[in-house]
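These notes are about the structure you will find just below.
The values are calculated or read from the model by the stated rules, or taken from the named source; none is laboratory data. Only a predicted model underlies this, so the values are computations on that prediction, with no experimental measurement involved. So basically every Cβ, Gly included, is an ideal-geometry build from the backbone, and we count neighbours across all protein chains shown.
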Amino acid sequence: MASSAGAMKPCASPMPTAEPELRARIEALARDKGFARIGVARAEPLSEDAARLRRWLAAGHHGTMAYMARTEAVRADPTHAGMLPEARSVVVLAAPYARADAPTGPEPGRVARYAQGRDYHNVLHRRLRPITRLLRDAGHAARASVDTLPVLERAWAQRAGVGFIGKNCCLIVPGLGSHVFLSAIVTSAAIEPDAPMPQRCGDCTLCLERCPTRAFVAPRELDARRCIAYLTIEHRGPIEPELRQDVGDWLFGCDLCQDVCPFNRTAPPPGEATAPYAPGTRFDGVEADALLSMDEDAHHDFAGGSPLRRPGREGLARNAALVLGNAGERRALPVLRRAAEEHDSDVVRDAAAWAVARLKG
């Protein structure tokens, strides 16, 4: 697989005994496993990104994601005792996922494109295993991550020349767009690093202007507490009343700031490697109001094996109530009234009561 940075360029200071043959084997195996881009960065502290992360946490922009603060020191340094002290390289791999013309979901709701198929964590970990095995068989330590270890994947991807971080905080891979999953392997192998990729957004601010909840404090600075993706996936408890209307019809996640990105307009159509993430039959015949009456077993059957498990039964039911209230269809009133009175969750009862009041005008 050709490096996204073109011909590989060594950093100014020499790498200790780089292994070009090992890199070639990694690239060939990664291509065979469906990864479309690969880049390598030298494993060293991310000082600028670490400072940015500290400011972000200090401002409270991480919301209830307390794990971000707990793992701050590890995220900033791959040689940290909590990661891999003997690390020399970070290998970053990008895999595109299916791009439906319009996100589908339980009517009248929408689910972000990345979550419409199988859980990408499981799919990509299986693809990474042969690569980590290759490194270990060559005598090197290796730890692989797909959003599962405290690794700043986007920062490493930019440093490894795979893409650049756009103003919407997404990693944009020229030629693929931002609809990509990132994986990272921290390893003790000394692999020649690629040149970092510069920013390419220019004066474009379409993504910042498109956000209905005004979640962007500045370019590349997101207040997660106002982000629809965070609110519908990570946030536990009630969603602030002032933001409920702006959640619109998003049942899980949000694609709005990516939909308007010019780099996504020229992305190629999905290929064979994206099949596991393509919309399947999960939503066929399922309406959003059904999520309000699901018990734990029914929720497991619906969300099992997909990213939709993340917000849990309560979170999906809360989101469904808001979606139904925002849809403006009075036929949803009976099921919303029932949820407002009988659901076993205070959070869902509150959201359903809000939706009833909204539908009644």
Taking the options Ala224, Ala195, name whichever one is aliphatic (A, V, I, L, M), touching a residue at least 24 places away in the same chain (Cβ under 8 Å) and in the same structural domain as Ala317 (by TED's automatic domain parsing). Ala224
Could you figure out which of (1) surrounded by fewer than 18 Cβ atoms within 10 Å (Cβ to Cβ); (2) touching a Pro at 6+ places or on another chain (Cβ under 9 Å); (3) among the hydrophobic types (A, V, I, L, M, F, W, C) isn't true of Ala357? (2)
Being surrounded by fewer than 18 Cβ atoms within 10 Å (Cβ to Cβ) and either of a type in the set (Lys, Arg) or within 26 Å of Leu208 (Cβ to Cβ) (or both) is the filter here; which residues of the stretch 113-141 pass it? Arg118, Arg126, Arg129, Arg133, Arg136
In the stretch 267-296, residue nearest to the chain's Cα centre (by Cα) [restricted to those that are surrounded by fewer than 17 Cβ atoms within 10 Å (Cβ to Cβ) and small (Gly, Ala, Ser)]: Ala278
Quick check on the stretch 258-266. Is at least one of its residues aromatic (Phe, Trp, Tyr), surrounded by 17 or more Cβ atoms within 10 Å (Cβ to Cβ) and within 30 Å of Lys167 (Cβ to Cβ)? yes
Failed condition for Arg154, given (1) under 16 Å from Trp56 (Cβ atoms); (2) in contact with a helix residue (DSSP H, G or I) (Cβ under 8 Å, 6 or more places away or on another chain): (2)
Tell me yes or no: at least one residue of the stretch 194-208 is within 17 Å of the chain's Cα centre (by Cα) and at pLDDT 95 or above. yes
Name the residues in the stretch 339-361 that are in contact (Cβ under 8 Å) with a residue 24 or more places away in the chain and either under 19 Å from Ile233 (Cβ atoms) or among the basic types (Lys, Arg) (or both), would you? Ser345, Val347, Val348, Asp350, Ala351, Arg358, Lys360
Please indicate, with yes or no, whether at least one residue in the stretch 142-155 is surrounded by fewer than 19 Cβ atoms within 10 Å (Cβ to Cβ), acidic (Asp, Glu) and not assigned by TED's automatic domain parsing to the domain that holds Thr71. no
Please tell me if Leu291 is touching a Leu at 6+ places or on another chain (Cβ under 8 Å) and hydrophobic (A, V, I, L, M, F, W, C). yes
Conditions: (1) touching a residue at least 24 places away in the same chain (Cβ under 8 Å); (2) touching a Lys or Arg at 6+ places or on another chain (Cβ under 6 Å); (3) buried (at least 18 other Cβ atoms within 10 Å of the Cβ). Ala303 meets all but one. Number of the miss? (1)
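To keep it simple, each residue is scored yes or no on (1) at pLDDT 95 or above; (2) under 22 Å from Ala327 (Cα atoms).
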residue	(1), (2)
Arg210	yes, yes
Arg214	yes, yes
Asp255	yes, yes
Cys261	yes, no
Ala267	no, no
Ala290	yes, yes
Across the stretch 91-134, which residue is modelled with the lowest pLDDT among those that are β-branched (Val, Ile, Thr) and assigned to a helix (DSSP H, G or I)? Val123
